1. For segment 11-103, what is the percent of antiparallel DSSP beta bridges, rounded to the nearest 5?
2. Within segment 23-77, report the chymotrypsin sites (Phe, Trp or Tyr not before Pro) that DSSP leaves as loop and that have at most 13 other Cβ atoms within 10 Å.
3. Filter the trypsin sites (Lys or Arg not before Pro) in segment 197-256 down to the DSSP loop ones having no more than 12 other Cβ atoms within 10 Å, then list what survives.
4. Quick check on the chain: helices-only [θ] at 222 nm, where DSSP H runs of length 4 and up contribute -39,500 (n - 2.57) each and the sum goes over total residues. Nearest 500, please.
5. Please express the shape of the chain as an equivalent ellipsoid: the semi-axes are the square roots of 5 times the eigenvalues of the C-alpha gyration tensor, given largest first in whole angstrom.
6. Determine the distance separating the Cα centre of segment 290-323 from the Cα centre of segment 150-187; give it in Å without decimals.
7. Any idea how far apart T182 and E51 come out in nm if each label point goes 7 Å out from Cα toward Cβ?
8. Out of all Cα-Cα pairs in segment 153-295, roughly what percent, to the nearest whole number, are more than 24 Å apart?
Amino acid sequence: MERPGIKHLMLFTGSANPELAAEVAKLLDIELGGVERGTFADGEIYIRFTESVRGADCFVIQSHGTPINEHIMEQLIMIDALKRASAKRITAVVPYYGYARADKKGRPREPITAKMMGDLFMAVGADRIASVDLHTGQIQGFIDAPFDSLTALPIFEEYLSTRLDGPITFVSPDSGGVKRATRFAGRLDAEVAFVYKRRRTDVRNQVVASQVVGAVDGRHCIIVDDIIDTAGTSIASANLLLERGALSVRVLATHGVLSGPAIERLREAPIEEIVITNTLPISSDAMALPNLTVLSVAPLVAGTIEAIFNDKSVSEIFRGENT
Ligand code: R5P
């Protein structure tokens, strides 16, 4: 008996960022797969796929935005259901990967949640993961399966290429992000600097930016980061750069988490432009910021899904800079 070798791609979305998933589906020229979802009285999530997934190459898009724990759980439940319904391969597409910042112990008796997340995906039956601008590259090694690491760098680069004028320095707001800033500087012919930042260990999200290493005096500075969460890091860095003679400050960050006081703080901040992507949905309050620009990662996500499905190179999409 012969089995026809026809592959079948199916794309499903969780409820965190259906707009991005719809954009991706449109670019792939497919419909999103049908999902029946509900919540039990006690808050438990119910999921059922409304069509057969047997033998299909399934992709489940979910960004881990607020409420983060529910969105993670929803994605895990979706993967579990696909596995039990005989999907041939399941890829967790996680544009914003939650719990990634705890990628090592900073203090005794802390968890490493970035590793725990990988374990959860593998435990429910994901065959691979794809994510955009991981907090740190080593998270790819936290699962014993393929992990496609995408980067929004080409999208930012295209946006900036016609908008830069004068001497430019790309600034990492911490030493861990210097590689990211160096890549931008290399692509856009600019200098690199970084801010020496300390976090208070007794208070979450409290940042002290104290030193700048690199040339910022008399230059336009562009802070590049993976996440703007409460905006404490971006604003502390922007203030320090201006104190050290920067002509202007822009902020680029892939994931606009924008929680707590972020929007209020950014409204008052001495930042010329804030450029983020749509890996997470952007609230109407945030969209009202006059200096906010949102770029879409949908073409990169769609291109990656297409490459995975067709067994083509993903790194070619990013000219090898997605490691
Ligand atoms: C930290 O290591 C990250 O790269 C970001 O700088 C940080 O998560 C941003 O957080 P917040 O906006 O709350 O300062």
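1. Here the antiparallel bridges make up roughly 40 percent for segment 11-103.
2. F40
3. Listed in order of number, the matching sites are R200, R204.
4. Using -39500 (n - 2.57) per qualifying helix, the result is -9000 deg cm²/dmol.
5. Square roots of five times the eigenvalues give 36, 21, 18 Å.
6. Between the Cα centres of segment 290-323 and segment 150-187 lies a distance of 17 Å.
7. A separation of 4.7 nm, rounded to one decimal place.
8. Numbers: 2390 of 10153 pairs.
The calculated P(r) of segment 153-295 puts 24 percent of pairs beyond 24 Å.
The values are calculated or read from the model by the stated rules, or taken from the named source; none is laboratory data. Owing to the predicted nature of the structure, the values given are computational and were not obtained by experimental measurement. Note that each Cβ is placed from the backbone with ideal geometry, even for glycine, and that neighbours are counted across all protein chains shown. What goes into the accessible areas is simple: the full protein's heavy atoms, side chains included, and nothing from ligands, DNA or RNA. Shrake-Rupley method; radii C 1.70, N 1.55, O 1.52, S 1.80 Å.
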